Amino acid sequence: MISFVFSACDRTSKIDDDNILKNEKATISTMSAEVSAIIIEKEFSDWQRAYADYFNSNLTNEYLSSVYIEDINNCGIPEVFFLYPTPSVTLIYYIKGSIQAIDFNLASMGTTIFFGYLKETNQILYVRARNGYEWFVYNWTDDGYEEKHTYINDSHYEGMNTHNEDGAFYINSEEVSEEEYEQLENEVINLLGNMIEFELFTNNNKENNQNGILGYIEEKLF
């Protein structure tokens, strides 16, 4: 269990100038024998405190198997990706004073999964390739990440059902011309060609941080 303990201010009362963020301490404790505690002594911004509160309320050790932290949308506040054993990924990000979460199912079951981001456009990309392509592009807006979903498949498959008509093509379950289909197929292939895959930080990948995952979280967020 991750525990963030704030010692300098009472969040249930009004914070005045003498109390706000001065000498604030956050203690990160873990069941890991490798890292027993990390003490952070610095001023916290609103988004840092929001992340700490979220971790304290929602995360357990199973989330710490791997993590990726990066400012994907170039807003000045990093996004956090946690991989846990299902397998699935939870993206958490800060927007308008609160933490929002998006879950991604990475269970393959015969499906090829691609998951990463597009650096030039600040987009997150999640693609499932089986009997066609199904992909989700997440665009950053003033209200957070907005999802755009597209699914294309040929006449032989639509979900688990086969079609009798040969030569038919579908976009989001509606029949389209082969030209329209190939245009979108080329689009998703180009997206995959430009995608940067997430390099998750695990306890076995500590070249840049001797304290493992908790040290990585401290370095990136606090």
Selection status of ASN186, out of contact with any Lys or Arg (no Cβ under 8 Å at 6 or more places or on another chain), modelled with pLDDT under 90 and either surrounded by 15 or more Cβ atoms within 10 Å (Cβ to Cβ) or part of a helix (DSSP H, G or I) (or both): no
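So, in region 53-102, exactly how many residues are of a type in the set (Ser, Thr, Tyr) and touching a strand residue (DSSP E or B) at 6+ places or on another chain (Cβ under 6 Å)? Even if it seems obvious, please write down each step before you answer.
Of the residues in region 53-102, the ones of a type in the set (Ser, Thr, Tyr) are 54, 57, 60, 63, 65-66, 68, 84, 86, 88, 90, 93-94, 98.
Narrowing the set further to residues that are touching a strand residue (DSSP E or B) at 6+ places or on another chain (Cβ under 6 Å) leaves 54, 63, 66, 68, 88, 90, 93.
Of the residues in region 53-102, 7 are of a type in the set (Ser, Thr, Tyr) and touching a strand residue (DSSP E or B) at 6+ places or on another chain (Cβ under 6 Å).
Let's see how each residue does on (1) crowded, with 17+ Cβ neighbours inside 10 Å; (2) without any contact (Cβ under 8 Å) to a residue 12 or more places away in the chain; (3) farther than 23 Å from ASN186 by Cα:
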{"position": "LEU83", "(1), (2), (3)": "yes, no, yes"}
{"position": "ILE102", "(1), (2), (3)": "yes, no, yes"}
{"position": "GLY116", "(1), (2), (3)": "yes, no, no"}
{"position": "LYS119", "(1), (2), (3)": "no, no, no"}
{"position": "ASN139", "(1), (2), (3)": "no, no, no"}
Verdict on SER98 being surrounded by fewer than 14 Cβ atoms within 10 Å (Cβ to Cβ), more than 15 Å from LYS220 (Cβ to Cβ) and at pLDDT 85 or above: yes
Test: residue in region 51-62 that is of a type in the set (Gly, Ala, Ser), free of Cβ contacts under 8 Å to residues at least 24 places away in the same chain and either surrounded by fewer than 17 Cβ atoms within 10 Å (Cβ to Cβ) or at positive phi (or both): yes
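The values are calculated or read from the model by the stated rules, or taken from the named source; none is laboratory data. As the structure is a computational prediction, the values presented were derived from the model and not from experiment. Here Cβ is always computed from backbone atoms with ideal geometry, including for glycine, and neighbour counts include all displayed protein chains.
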